[in-house]
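Input: a single structure, listed below in structure tokens.
Read-outs: derived from the displayed coordinates by stated rules, not from any lab. Because the structure is predicted, anything quoted here is derived from the model rather than measured. Cβ atoms come from the backbone with ideal geometry, glycine included; neighbour counts cover every protein chain shown.
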Amino acid sequence: MADQDAAAEGPTDVKSVGVIGAGQMGTGIAHVCALAGYDVKLSDISEDQAKAALDIIARNMDRQVKRGKISDADKDAALARIVPGGSLEVFGDSDLVIEAASEVEETKREIFKALCPLIKPQAIICTNTSSISITRLASVTDRPSRFMGMHFMNPVPLMQLVELIRGIATDEATFETVRMMAERLGKTTASAEDFPAFIVNRILLPMINEAVYTLYEGVGSVKSIDTAMRLGANHPMGPLELADFIGLDTCLAIMHVLYDGLADTKYRPCPLLVKYVEAGWLGKKAGRGFYDYSGDEPVPTR
């Protein structure tokens with residue numbers, strides 16, 4: 001497709017932000033954007049899901065109020081800036097739209113194809129993908145120069161980093177617009193090249209995968225592996241606990257991107273990780289992964 005705005009001259013003044021996907025990541029992105037003063041449209045498959053996300057955002061902001069991070073007035077003003085919706089048509093006046101759908105390339109491509117005719121020609125599109133090629137995703141849009149990766153860390157309101165990833169066609173004005181927006185959100189940015197899984201997950205996910213191999217081969221139990229890495233490497237949580245927090249399906253999807261994209265056997269997903277995902281043991285969100293979360297305290301499943 002022809003790029004509608006390949007010759008942008010300078011950074012865009014972003015006032016309104018659209019967020020596609022009212023899951024954990026999209027909810028967090030809407031939260032920080034609204035607190036930073038942006039008008040936010042938050043859309044999911046159904047408006048009811050987007051409205052439910054507003055309740056989650058309100059509860060999370062209540063925690064920030066209790067910790068003295070924000071005031072009640074800040075919370076009320078931010079919540080008033082978020083408008084929930086059930087279709088992509090709500091983004092017609094958005095200056096910048098951030099896609100935060102599931103980590104499935106075909107799903108994201110279909111979203112971008114449907115989105116482009118509905119938004120302003122000068123609007124910037126960002127994807128929160130944690131691993132998929134920015135250049136490949138941009139290619140299905142009508143504005144590859146105004147498309148880039150904006151990878152937030154989970155949980156978004158607490159984590160300081162945003163990875164910024166240019167596709168091959170991303171122009172300088174788009175990059176500067178997104179960088180300045182991330183800084184207005186109070187985030188620190190790190191620029192990454194458009195290679196599979198970028199920086200954070202290129203390093204983090206093979207470590208998690210190796211921890212699963214360590215469990216699979218009987219070197220240690222879930223408890224011993226997590227204890228060893230927490231106390232031996234001073235990690236805030238063990239790699240298997242972290243995998244459950246991320247979601248084992250997401251971990252597996254990123255390992256597939258690394259393995260397929262780099263063609264190196266060191267990125268082969270551990271068969272035990274595959275088996276857990278096949279069983280539906282996806283981690284904390286499913287109530288069971290490397291730990292069982294059905295009781296008061298998580299219990300290792302192996």
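State the Cα centre-to-centre distance between the stretch 207-235 and the stretch 83-123 in whole Å.
Comparing the Cα centres of the stretch 207-235 and the stretch 83-123, I get a distance of 39 Å.
Which aspartates and glutamates does Lys66 reach when only Cα atoms under 16 Å apart count, and residues fewer than 8 places away in its own chain are ignored?
Asp74, Asp76
Given H placed 1.01 Å from N in the peptide plane, which residues other than close sequence neighbours of Lys41 have an amide H under 5 Å from its amide H?
Placed amide hydrogens put Val17, Gly18, Val19, Val83 under 5 Å from Lys41.
Percent relative contact order of the chain, based on C-alpha pairs within less than 8 angstrom and at least six residues apart?
It rounds to 15 percent for the chain.
Of Thr250, Thr129, Thr265, which has the largest mean-square fluctuation in a 10 Å C-alpha GNM of the chain?
Thr265
Residue by residue, what Karplus-based ³J(HN,Hα) values in Hz, rounded to whole numbers, does the stretch 85-99 have, using 6.51, -1.76 and 1.60 with θ = phi - 60° and x for Gly and Pro?
x, x, 8, 6, 5, 5, 8, x, 10, 6, 7, 8, 10, 10, 8
Which value, in nm² and rounded to one decimal, describes the direction-averaged projected area of the C-alpha convex hull of the stretch 202-300?
6.1
From a point 7 Å beyond the Cα of Lys266 in the direction of its Cβ, which residues of the stretch 191-208 have a backbone N at a distance under 14 Å?
Residues 202-208 fall inside that zone.
In the structure shown, do any of Lys113/Lys285; Lys113/Lys275; Lys15/Lys108 have a Cα-Cα gap over 31 Å, and if so which?
Lys113/Lys275
What residues qualify as long-range amide H neighbours of Arg302, i.e. H under 5 Å apart, gap of 5 or more or another chain, H built at 1.01 Å from N?
Hits under the 5 Å cutoff: Val222.
Using just the helices of the chain, give the 222 nm mean residue ellipticity in deg cm²/dmol: DSSP H runs with n ≥ 4 each add -39,500 (n - 2.57), and the total is spread over all residues, rounded to 500.
Values: 11 runs with 129 residues, N = 302.
Calculated at 222 nm, the ellipticity per residue is -13000 deg cm²/dmol.
Taking 0.36 nm per intervening residue step and subtracting the Cα-Cα distance, what contour gain separates Gln122 from Ala58 on full extension?
Working it through step by step, the gained length comes to 19.9 nm.
Which residue fluctuates most in the GNM of the chain (Cα springs below 10 Å): Ala101, Ala233, Ala243?
So, out of Ala101, Ala233, Ala243, the one fluctuating most is Ala233.
Quote the charge dipole size of the stretch 102-204 about the Cα centre in Debye, to the nearest 20; the model charges only the Cβ of Lys and Arg (+1) and of Asp and Glu (-1). Working shown, then result.
Values: 12 positive and 12 negative charges, 38 e Å.
The dipole of the stretch 102-204 has a size of about 180 debye.
Starting from the Cα gyration tensor of the stretch 16-192, multiply each eigenvalue by 5, take the square root, and state the resulting semi-axes largest first in whole Å. It would help to have the intermediate numbers written out before the result.
Values: eigenvalues 125, 64, 38 Å².
Result for the stretch 16-192: semi-axes of 25, 18, 14 Å.
Expected output is a single nm value to one decimal: the length gained when fully extending between Ser221 and Glu110, i.e. 0.36 nm times separation in residues minus the C-alpha distance. What is it? The partial results should precede the final answer.
Numbers: separation 111, 0.36 × 111 = 39.96 nm, distance 4.14 nm.
My answer for the length gained is 35.8 nm.
So how far apart, in nm, are the two label points at Arg67 and His235 if each is 7 Å from Cα heading toward Cβ?
2.2
Provide the packing ranking of 253-263, 213-223, 32-42, i.e. peptides ordered by the mean count of other C-beta atoms within 10 Å per residue, highest first.
The peptides rank, most packed first, as 32-42, 253-263, 213-223.
For Glu47 and Asp74, what is the calculated FRET efficiency with R₀ set at 35 Å and r taken between the beta-carbons, to the nearest 0.05?
Result of the calculation: an efficiency of 0.85.
With springs only between Cα atoms under 10 Å, which of Leu54, Leu204, Leu240 fluctuates most in a Gaussian network model of the chain?
Leu204
On a full-extension model of 0.36 nm per residue, what is the gain between Met180 and Gln160, subtracting their alpha-carbon distance, rounded to one decimal in nm?
5.7 nm
Skipping prolines and chain starts, which residues have an amide H placed within reach, meaning under 5 Å, of the one on Leu282, given they are 5 or more residues away or on another chain?
Sorted by chain and number, the residues that satisfy this are Arg288.
Return the sequence-ordered ³J(HN,Hα) values of the stretch 62-77 in whole Hz as given by the Karplus equation 6.51 cos²θ - 1.76 cosθ + 1.60 applied to θ = phi - 60°, using x for Gly and Pro.
4, 5, 5, 5, 4, 7, x, 6, 9, 9, 4, 5, 4, 4, 4, 5
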